Amino acid sequence: MLAFVPRPVAELPWQIIFITVAIAGFGVIVLYSAAGGSVSPWAGIHALRFVVFLAMALVIRLFSENFVKWGTFPAYAVFAVLLLLVELAGAVKGGSQRWIELGFIRLQPSEFMKPLVVLAIARFYEMLPIGQARSWSAIWPPLVLIGVPWFLVMTQPDLGTSIAVMTGGVTVMFLAGVPLRLFIGAGLAGAAFVPFAFFFLLKEYQQNRVLIFLDPESDPLGTGYHISQSKIAIGSGGIGGKGYLQGSQSHLDYLPEGHTDFVFATMAEEWGLIGGLFVIVMFALLLRWSTVVSLNAPSRFGKLAGGGLTMVIFFYIAINMLMVMGLAPVVGIPLPFLSYGGSSMMTIMICIGLLMGIERNTRQGGGGGRLLP
Amino acid sequence: MIRPGKLITRNSLNITFNRRTMLIGGAQGLVGAILAARMAYISVVENERYKMLSESNRVNLTLIPPRRGWIIDRNGKPLANNKADFRVDLIPQRVRDVDGTIDQLATILKMTPDKVDDLRAAMKDARGLQPVPVAAGLSYEDFAALSVRLPDLPGVAPQRGFSRQYPTGAAVGHLLGYVGIANAEEYEESKNPLLITPGFKIGKDGLEKYFEPQLQGKPGARKVEVTARGKIVRELGVQEDVPGKPLKLTIDGGLQEFVARRMGRESGAAVVIDCQTGGILAFSSMPCFDPNSFSDGIGRLEYAMLSQDERVPLLNKATRGLYPPGSTLKPMAAVACLQHGVDPEETINCPGGYRLGNRFYQCLGRHGPVNMVRAIEKSCNTYFYAQAHRLGYDKIAMVAREMGLGEDFNLAGLNQRYGTIPDSEWKMRKFKQAWTASDSLNAVIGQGYVICNPLQLAVMVARLASGRKLYPHLIPDNRVAPTLPYAPEHLAIAHQGMAQVVSQGTAARSKLPLEGIAMAGKTGTAQVRGLGSGSRGGAGVPWKYRDHGLFVCFAPVEQPLYAAAVVIEHGLGGSRAAAPVAKDFMTYMFDPQKAMDSLAAMEAGWGGNIQERMASEFASFRARAEGRVAEPPPQEAAD
């Protein structure tokens, strides 16, 4: 490190900052094109939001691990109650509601629940005596911690977020050492449960989305239209893309949601396979960084939380990209740093901030030698 | 839950954590690899396919209907051409609110209530992309007013194009046919997207239908870039259409129109043939529909009026109207007699009829002794009764057929009913009965089983006049017709008889008002209500029971140039109704101005020209029909 750089600046996690700036910066460029070559309405706000949330992440980074641990359960409780309130408000008004209006911001409790479930379960396993790590008492409390927000989000109904909440929580359980056969058993049970869930828990529009995912051409002008047009945008881009600001699918409105859920298709049409691989590689670097952070973390809480948060970020990326390429049904999950939208960027940045904090803790504590560079 | 014998330590949990983290990391890497591979597959392997889909999204190809080939007369004058036109169609599949859209269109285009009703009815039966015509011939102001409102009117397709125009309207209806929008079956058959292009029409009847391949032309195309909502972003290029080839006919446009107009308020048909080539100069069946209204999509009310008219404007009487030819066959019968050795100077006494067994066959008068020429001139039945009785009709029938009677001509797809020239073999086949002398007597004066269409009568007189086996045709050709196997002096006797018909005989009032040009002809009167006295079909009975008037003729007598047949339905008699019409159009051929002057005077008495009369008839029909629902027209309008 250069000597004249002040220590607090030099100690900033430049690697991950560079990665997120690169992806989000690319996002700004893509959104500029999605608006037909205009900073408004999306690109400018996207850049501004990223700066604000990056600053927020750098602040979260400074939280001590003890502070995070101390705050985990109260925060979990508060947001569980808020989730319930949202649910009740929706029931009173009729129709579904996902947020609470705070005047200056729409607070979406389910977004906060994604990192909070991870933190709460990590905290739980940290508190659990080591000897009980493979016992019943290591299993049912996390299931409750996952189940309550999962159920509340599921009934909103918000299929994507509820699965994200569950995935983060279950990942922490897995990393905490819960016996493998339980996951295999649960996986089999889940497979058996899918038909039941499909017919009795999903709303009709969700059922349609799944059906159309299985056969997109069956409904080329309805829900399948999204997937078809997305594939056309990606496929027509070829290797080098049609050129910046030259994407006909997005500019002529054939691609729906080209600035939010299907932003990857907007990008791929103009930047081609090269742009796509760039995005995939940058996300891989991001996940590699966060995986290394969790492996190097000295504390059990840090390890488990790091692993869970990594999975939350991965979940966004993977489901969104599988969806736009026609490998997963259309569930409203945005692509981190590229999709226009505040709440998902906030959630991802909270996760990144917490991971930065874990890394900082590792560096300061100098705890047990670093596993990987 | 606890597995016995397995000690859990912080270290063992850390090892599990590391192992499982690597497992998850590996799984994530695998997903990443799948995504990269999938993307490479879509964008590289399937690139061509998706590029095409993307282009077909972006680029909208609109066909430009080709301009239809003109139909021109022998002098190059257009009988059917195209006029620049602003038009509007509805594309049923794209219309969201049918009633609302029609209401708006009615307001913007100021449509009359019966047009709006027609449009509603048409939209009820319409499906898919088949365009339904709303209006054609719009003013630029209406067109612009509509174009401005297009974003709120999905499915409305205004267009600048060309539409078919028949300058002489009803005068060419049965000759040319008309054009119309391709129907669903026609589209299903060929799947040609041109057929459902708004503004495109195909020939539906007559020559327009028969010569469709030649007249159609090749469509142009307009490429535009459109958004998902159908908004046009920019034009990418235009390929001009290739107009159809012109079709030249043997028709004389001026004569064609004159004949149609001269028919006046009568119902009938007239065919004029060029005696040198057999080319048809005029081909008229009146009254007739206006092919311009058919081509614009005829209204229900107008169609109801045409189909309820007792003068059957939808029937082409020139080829599909069958009439007993009456005495018009006598010159032909005379040639047959001469052919079989009858001496033209032989006289037969006419006491006012002919006795066959215990029946007395009436003649029109008491002519005394007549030879052949005089028998033709006076149209003496007795003379021909006697000859037919002596020769038998079979011999006359052979000549009749040689003259084109009973023949189905190959005439550009024109649908014909070719009637009957009977003989003994025919009667046996048809009725299982032997031919009788009585049959011969009836047949020789063009009654009984004999029945012909006006085209055949025109061909007969053209062959008689020229002595050659002319074939009627509409498309010019240079073939020379073979000579008929009759001695010129035999034909000359028939010519002389016919000349005397006009100069001093039954059609003496129809001499051409021209210096040095004389017409030869033969009148005929055909009973509508059985055989018998003229009074049964005379002026005192309702129109539809009156006798038909027929006239065949050629001119000039010495050097025949033009031959013609005229049939006036229920016209009471050939000399009274048909011969004057022939006189006027023959006059037109030699002195058009003189003929036009006398026509103008007549039309003033009839209440205007064809178009004016049709308009006033329609107005009164509409007034009568007010409040009553007219029957919907079938898809194919004319027979």
Query - Hull volume in cubic angstrom per residue (convex hull over the Cα atoms of the stretch B:232-277) - result: 168
Report summary line: Whole-number value, in Å³ per residue, for the convex hull of the alpha carbons of the stretch B:72-210 is 126
Query - Residues in the stretch B:578-598 reached by a label modelled at residue B:604 [backbone nitrogen below 13 Å; 7 Å Cα→Cβ] - result: B:597-598
Requested in this report: Return the FRET efficiency for the residue pair residue B:489, residue B:559: r is the Cβ-Cβ distance, R0 is 22 Å, and the value is rounded to the nearest 0.05.
Outcome: 0.85
Query - Residues residue B:417 and residue B:625, FRET efficiency given R0 of 35 Å [Cβ-Cβ distance, rounded to 0.05] - result: 0.65
Query - Rg to Rh, two decimals, where the stretch B:253-615 supplies the alpha carbon set and Rh follows Kirkwood - result: 0.96
Report summary line: Relative contact order of the stretch B:60-248 (C-alpha contacts under 8 Å, at least 6 apart) in percent is 34
**Report entry** Percentage, to the nearest whole number, of Cα pairs in chain A over 35 Å apart
**Finding:** 27
Requested in this report: Mind pulling the angle between the C-alpha long axis of helix B:113-125 and the longest principal axis of chain B? Nearest 10 degrees, somewhere in 0 to 90.
Outcome: 60
Report task. Determine, for each peptide in B:413-422, B:445-454, the mean count of other beta carbons within 10 angstrom over its residues, then list the peptides with the highest first. Result -> B:445-454, B:413-422
Query raised in the report: According to the Kirkwood expression over distinct Cα-Cα pairs, how big is the hydrodynamic radius of the stretch B:1-64, in Å?
Result: 16.7
Report summary line: residue B:39 neighbourhood, Cβ < 13 Å, K/R = +1, D/E = -1, net charge 0
Query - Distance-filtered residues of the stretch B:548-584 - backbone nitrogen under 16 Å, label point 7 angstrom along residue B:597 Cα→Cβ - result: B:584
**Report entry** Dipole of chain B, positive end: most advanced residue of B:190, B:599, B:173 [Cβ charges, Cα centre]
**Finding:** B:190
Report task. Sum up the charges of everything whose Cβ sits under 12 Å from the Cβ of residue A:149, counting Lys and Arg as +1 and Asp and Glu as -1, but leave residue A:149 out. Result -> -2
Report summary line: Scoring only Lys, Arg, Asp and Glu (+1, +1, -1, -1) among other residues with Cβ under 11 Å from the Cβ of residue B:103 yields -1
Requested in this report: Pull out a ≥ b ≥ c, the square roots of the eigenvalues of the alpha-carbon gyration tensor of the protein assembly as shown, then state rounded if a/c is under 1.5, prolate if not and a/b is larger than b/c, and oblate in the remaining case.
Outcome: prolate
Query raised in the report: For labels at residue A:88 and residue B:60 in the simple 7 Å Cα→Cβ model, what's the distance in nm?
Result: 5.2
Query raised in the report: What's the exposure ranking of B:99, B:274, B:547, B:114, going from fewest to most Cβ atoms within 10 Å?
Result: B:99, B:114, B:274, B:547
Query raised in the report: Stretch residue B:401-residue B:27 to full length: gain in nm at 0.36 nm per residue minus the Cα-Cα span?
Result: 125.1 nm
Query raised in the report: 222 nm [θ] for chain B, helices only, -39500 (n - 2.57) per DSSP H run of 4+, per residue, to 500?
Result: -12000 deg cm²/dmol
Query - For the stretch B:288-303 and the stretch A:119-147, distance of Cα centres in Å - result: 87
**Report entry** Of the DSSP H helices in chain A, those whose Cα atoms cover at least 30 Å axially and whose Kyte score averages -0.5 or more
**Finding:** A:65-93, A:263-296, A:300-324, A:342-365
Query raised in the report: Normalised by the residues of the stretch B:26-133, what does the relative contact order come to in percent, with Cα pairs under 8 Å and at least six apart?
Result: 21
Query - Label-to-label distance, nm, for residues given as residue A:196 and residue B:308 (7 Å Cα→Cβ offset) - result: 7.3
**Report entry** Nearest-ten-degree value, helix B:592-606 long axis tilted from longest Cα axis of chain B
**Finding:** 80
Query - Assigned charges on the beta-carbon of Lys, Arg, Asp, Glu; chain A dipole about Cα centre (debye) - result: 1180
**Report entry** For B:95, B:373, order by how many other beta-carbon atoms lie within 10 Å, fewest first
**Finding:** B:95, B:373
Query raised in the report: What are the semi-axes of the equivalent ellipsoid for the stretch B:238-396, taken as the square roots of 5 times the Cα gyration tensor eigenvalues, largest first, in whole Å?
Result: 46, 21, 13
Query raised in the report: In µm²/s, what is D for the stretch A:2-143 at 10 °C and 1.306 mPa s, where D = kT/(6 pi eta Rh) by Stokes-Einstein and Rh is the Kirkwood radius from Cα pairs?
Result: 84
Report summary line: The simple spin-label model distance between residue B:52 and residue B:265, using points 7 Å out along Cα→Cβ, in nm, is 6.7
Query raised in the report: In nm, what is the difference between 0.36 nm times the number of residues separating residue B:430 and residue B:511 and their Cα-Cα distance?
Result: 24.9 nm
Query raised in the report: Relative to the first principal axis of the alpha-carbon coordinates of chain B, what is the inclination of helix B:98-109, with its axis defined by its Cα atoms, in degrees from 0 to 90 and to the nearest 10?
Result: 60
Query - Binned Cα-Cα distances of the stretch A:68-201, short to long, each 5 Å bin given as a whole percent - result: 2, 10, 18, 21, 18, 15, 9, 5, 2, 0
Report task. May I ask for log10 I(q)/I(0) of chain B at q = 0.06, 0.08, 0.10 Å⁻¹, from a Debye sum over the Cα atoms as equal point scatterers with solvent left out? Result -> -0.45, -0.68, -0.93
Query - Neighbour-count order for A:182, A:88, fewest beta carbons within 10 angstrom listed first - result: A:88, A:182
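None of the figures in this text is laboratory data; all of them are computed from the coordinates on show. Since we're looking at a predicted model, the values are computed, not measured. All Cβ positions, even for glycine, are placed from backbone atoms using ideal geometry, and neighbour counts span all protein chains on display.
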